[in-house]
Amino acid sequence: MAYQPKTLHEIIIQQQSAFPYAKGELSRLLSHIAIAAKIVHKKVNKAGLVDILGDAGNVNVQGEGQKLLDVFANETFLRSFQASGIVAGVASEENENIIIFDDNLSVNSKYVICMDPLDGSSNIDVNVSIGTIFSIYRRISPAGQKVVNEDFLQPGSKQVAAGYIIYGSSTMMVYTTGLGTTGFTLDPSIGEFCLSTLEMKTPKDGKIYSINEGNYIKFPRGVKDFIKYCQEKDEETKRPWTSRYIGSLVADFHRNLIKGGIFIYPKTEQSPNGKLRLLYECNPIAFLAEQAGGKATDGLGNRILDIKPTNIHQRVPFYTGSTNMVDKAEEFMFKYHNL
Ligand code: AHM
Ligand code: MG
């Protein structure tokens, strides 16, 4: 049979028909994200051949050294959002303050975006999977005015759409508009993201736990005991489970989404809110997890999507993946009252 894949654009249009009053702006925005993703994909693929590996020589707001690819991805997505004319502003991991687009078109538009343009910094220069994470909201401030911080400080439950691009052995885009989690794979021969799975569903139980065990000594007692539980033998729950940790949130989450598993980045004494950022790492991943039938919490029974942010770069402990595994990890956390 002839190769006739369904493209991202076709699916977006199909899904748009579920919202009869939609003007197609969100669909256009997702298409712009796909184009920027293809540009970043190309650069990532050529990373060893062109002069794009290494440090940019700057330190971002988190105090982390920026890589040249971080800067390239940030600029590519920002340029694409502004050119789209349908984004009024962006909160990016790479920029301390929100970026305000105040040209005539953008200032009148209704969407704002939170993004981590290239997540998985420690894997950027070593040919290991990295990703882009994005989250789209309707602004609260009136169109026609410059966006303000409050437009970005909405709980994740208000996300209109969210997703990630994983630059791995193939490049994939996974997104949700609240109608399930849909996965596409970039076919480089035609330069299009083509449908892989219309409704991705994550198993309720899994056999993979993903956590940076190098930090074990600093973990709360509940997390330590949960790790021990994962390693114990038990026929019924098919334990011991297996440990898999790449160190790129997108890649670790993507694997667990498909196979079933739990990803944890807990708090430690030194970092009482963990490491991962609520707005552009945890919220979009939590939306995708829930839409695929999984769960995302702070490990203490609080749904990530219900947290009201107070700061655009705020961090939160993050527990996500197969529902029964997240519940089990929380059971251990409750047992020791979060100690
Ligand atoms: P980054 O935004 O600087 O790349 O940090 C986020 C990354 C996540 O992709 C990953 O889950 C985590 O940091 C890994 O951290 P660690 O190296 O402490 O395990
Ligand atoms: Mg990041």
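The table for this structure:
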| item | result |
| --- | --- |
| Kirkwood hydrodynamic radius (C-alpha pairs) into Stokes-Einstein, the chain, 4 °C and 1.567 mPa s, D in µm²/s | 64 µm²/s |
| Taking the stretch 208-336 and dividing mean pair separation by its residue count, relative contact order in percent (alpha carbons under 8 Å, at least six apart) | 30 percent |
| Spin-label model distance (nm) - Asp103 vs Gln231, 7 Å beyond Cα toward Cβ | 5.5 nm |
| Accessible surface of the chain, 1.4 Å probe, proportion on carbon and sulfur as whole % | 51 percent |
| Distance (nanometres) between label positions extended 7 Å along Cα→Cβ at Ser243 and Arg221 | 2.2 nm |
| Value of relative contact order over the chain, rounded to a whole percent, pairs C-alpha under 8 Å and six or more apart | 15 percent |
| P(r) tail fraction, the stretch 208-336 - alpha-carbon pairs more than 23 Å apart, % | 24 percent |
| Cleavage-rule hits (trypsin sites (Lys or Arg not before Pro)) in the stretch 130-193: DSSP loop, at most 14 neighbouring Cβ within 10 angstrom | Lys146 |
| Tilt relative to the chain, helix 221-231 - C-alpha long axis, 0 to 90 degrees, to 10 | 80 degrees |
| Distance violations [Cα-Cα > 30 Å] among Lys67/Lys204; Lys158/Lys328; Lys23/Lys275; Lys46/Lys158; Lys6/Lys204 | Lys67/Lys204; Lys23/Lys275; Lys46/Lys158 |
| Ser170-Asn212 FRET efficiency (beta carbon distance; Förster radius 25 Å; 0.05 resolution) | 0.45 |
| Separation in nanometres of the label points that stand 7 Å from Cα toward Cβ, at Leu195 and Ser122 | 3.9 nm |
| Accessible area per residue, Å², the chain with all protein chains present, probe 1.4 Å | 44 Å² |
| Amide hydrogen neighbours beyond the local backbone of Lys67, cut-off 5 Å, H modeled | Ala56 |
| Listed peptides 321-330, 239-248 by packing density, highest first (mean Cβ within 10 Å) | 321-330, 239-248 |
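The values are calculated or read from the model by the stated rules, or taken from the named source; none is laboratory data. Keep in mind that this is a model prediction, so the values were computed, not measured. Please note: Cβ atoms are built from the backbone with ideal geometry, for glycine as well, and neighbour counts cover all protein chains shown. Side chains included, ligands, DNA and RNA excluded: accessible areas come from the protein's heavy atoms. Shrake-Rupley method; radii C 1.70, N 1.55, O 1.52, S 1.80 Å.
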